[in-house]
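Peer 1: What follows is a single structure, and I will ask about it in a moment.
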């Protein structure tokens, strides 16, 4: 990163104009570091970390603490200890509610007339930092990961987190890649996409990657930096060890994994697009999640199927007499023909790799379909399309007989 004293002056001016903008704070800290002003950069990151801690921006606070620790600064472990004391409550927290916005910043005046760019930056950091870190709320919002752990457990988990800066446009997670880590977004915005379609965005404080870790599958979507981002990477083994010792963490991860799977499903599966959002929520609440190992046959040819199945992670195959007729990926529904018509399944459906499935019992489907004929109409369209595809496949097979 090539920067100059003029860049520092511009970033300081921006910070003074927008003291509630975390990007402005980080820009000043990064430029101070790039210019070789090590002590001043440490002060800036420590100020940001403490301000983020009292503001409920826990991932940003942790990233600052880990960054300072990596630099060998004693301020890093001190900040981490404060974060752990504040947020590691050992309770099951599933929601994040931001605290009220701070009061308007004070007029900090002007630095001495002979102050150079570094001195001007430190003047702003000192004056605005005192305001930024002064708040001591009586109650803090829960941190999605840390609040489920005891203090020793949280300290151990934070100890293996590694902060990474990624430029805009860089791919953080690639769909289909193996899952080696969980990520916690300290600052910035990420886009989530699958098969070229954008599923949504992730913003500061969000964690992601838990679906693959919980389900034992490969990545289900591609995550790309929409702007310059700062994130924390947590090795999968560390997450597994922490979850094994602290069941509440496993509960949190499973809760968020299910919520994200259901949210993704409504955006990718044709089955749910015909329903209003409130109706989707009602229907999705009746689905049960199931993790299946590779090779599991969850629909058997000629057997009895009493569920509608939706693939949310992993790949499955439709097979008959040993031949693969089709492959199913995330968002695909299967079992709807036998569920609606009552006929026996005409093929096996097998997980080709560890997969996460959602299943809906026939009685629940029928209860919702009675109130929402549009859902039944959508399923019937899928039935017709699937039957036509099956007939085409079998016709192709007879053509091969000589």
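The values are calculated or read from the model by the stated rules, or taken from the named source; none is laboratory data. Since the structure is predicted, the reported quantities are computational estimates derived from the model, not experimental observations. Note that we place each Cβ from the backbone using ideal geometry, even for glycine, and neighbour counts take in every protein chain shown.
Peer 1: Only one of these is at pLDDT 75 or above, outside any helix (DSSP H, G or I) and crowded, with 21+ Cβ neighbours inside 10 Å: 325, 308. Name it.
Peer 2: On the way: 325 fails: crowded, with 21+ Cβ neighbours inside 10 Å.
Going through 325, 308 in turn, the sole match is 308.
Peer 1: Across the stretch 36-47, which residue is surrounded by the most Cβ atoms within 10 Å (Cβ to Cβ) among those that are touching a residue at least 60 places away in the same chain (Cβ under 8 Å) and assigned to a helix (DSSP H, G or I)?
Peer 2: This residue is 44.
Peer 1: Got at least one residue in the stretch 143-151 being within 25 Å of the chain's Cα centre (by Cα) and surrounded by fewer than 21 Cβ atoms within 10 Å (Cβ to Cβ)?
Peer 2: yes
Peer 1: Now a separate question. When you go through 23, 33 one by one, which is the residue that is in contact with a helix residue (DSSP H, G or I) (Cβ under 8 Å, 6 or more places away or on another chain) and either without any contact (Cβ under 8 Å) to a residue 12 or more places away in the chain or not assigned by TED's automatic domain parsing to the domain that holds residue 207 (or both)?
Peer 2: Of 23, 33, the one residue that is in contact with a helix residue (DSSP H, G or I) (Cβ under 8 Å, 6 or more places away or on another chain) and either without any contact (Cβ under 8 Å) to a residue 12 or more places away in the chain or not assigned by TED's automatic domain parsing to the domain that holds residue 207 (or both) is 33.
Peer 1: Would you check if residue 338 is at pLDDT below 85 and in a strand (DSSP E or B)?
Peer 2: no
Residues checked against (1) at positive phi; (2) touching a strand residue (DSSP E or B) at 6+ places or on another chain (Cβ under 9 Å); (3) at pLDDT below 95:
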position	(1), (2), (3)
19	no, no, yes
34	no, no, no
44	no, no, no
56	yes, no, yes
73	no, no, no
76	no, no, no
80	no, no, no
101	no, no, yes
105	no, no, yes
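Peer 1: May I ask you to list the residues in the stretch 48-59 that are farther than 15 Å from residue 230 by Cα and part of a helix (DSSP H, G or I)?
Peer 2: Matches in the stretch 48-59: 50, 51, 53, 54, 55.
Peer 1: In the list 158, 192, which residue meets the criterion of being in a strand (DSSP E or B) and crowded, with 18+ Cβ neighbours inside 10 Å?
Peer 2: Of 158, 192, the one residue that is in a strand (DSSP E or B) and crowded, with 18+ Cβ neighbours inside 10 Å is 192.
Peer 1: Using the structure shown, decide if residue 317 is within 17 Å of residue 218 (Cβ to Cβ), in a loop (DSSP other than H, G, I, E, B) and not assigned by TED's automatic domain parsing to the domain that holds residue 218.
Peer 2: Considered against the rule, which asks whether it is within 17 Å of residue 218 (Cβ to Cβ), in a loop (DSSP other than H, G, I, E, B) and not assigned by TED's automatic domain parsing to the domain that holds residue 218, residue 317 comes out as no.
Peer 1: Residues of the stretch 200-221 being surrounded by fewer than 20 Cβ atoms within 10 Å (Cβ to Cβ) and in a strand (DSSP E or B), which ones?
Peer 2: 200, 201, 203 - these are the residues of the stretch 200-221 that are surrounded by fewer than 20 Cβ atoms within 10 Å (Cβ to Cβ) and in a strand (DSSP E or B).
Peer 1: Right, another one. Yes or no: the stretch 169-185 includes at least one residue that is under 11 Å from the mean Cα position of the chain (by Cα), modelled with pLDDT of 80 or more and more than 26 Å from residue 147 (Cα to Cα).
Peer 2: No, every residue in the stretch 169-185 fails to be under 11 Å from the mean Cα position of the chain (by Cα), modelled with pLDDT of 80 or more and more than 26 Å from residue 147 (Cα to Cα).
Peer 1: Any chance the stretch 234-253 includes a residue that's over 20 Å from residue 158 (Cα atoms), touching a helix residue (DSSP H, G or I) at 6+ places or on another chain (Cβ under 9 Å) and either modelled with pLDDT under 85 or assigned by TED's automatic domain parsing to the domain that holds residue 172 (or both)?
Peer 2: No, the stretch 234-253 contains no residue that is over 20 Å from residue 158 (Cα atoms), touching a helix residue (DSSP H, G or I) at 6+ places or on another chain (Cβ under 9 Å) and either modelled with pLDDT under 85 or assigned by TED's automatic domain parsing to the domain that holds residue 172 (or both).
Peer 1: Okay, moving on. Need the failing condition index for residue 301 against (1) surrounded by 15 or more Cβ atoms within 10 Å (Cβ to Cβ); (2) assigned to a helix (DSSP H, G or I); (3) at pLDDT 70 or above, just the number.
Peer 2: Going through (1) surrounded by 15 or more Cβ atoms within 10 Å (Cβ to Cβ); (2) assigned to a helix (DSSP H, G or I); (3) at pLDDT 70 or above one by one, residue 301 breaks only (2).
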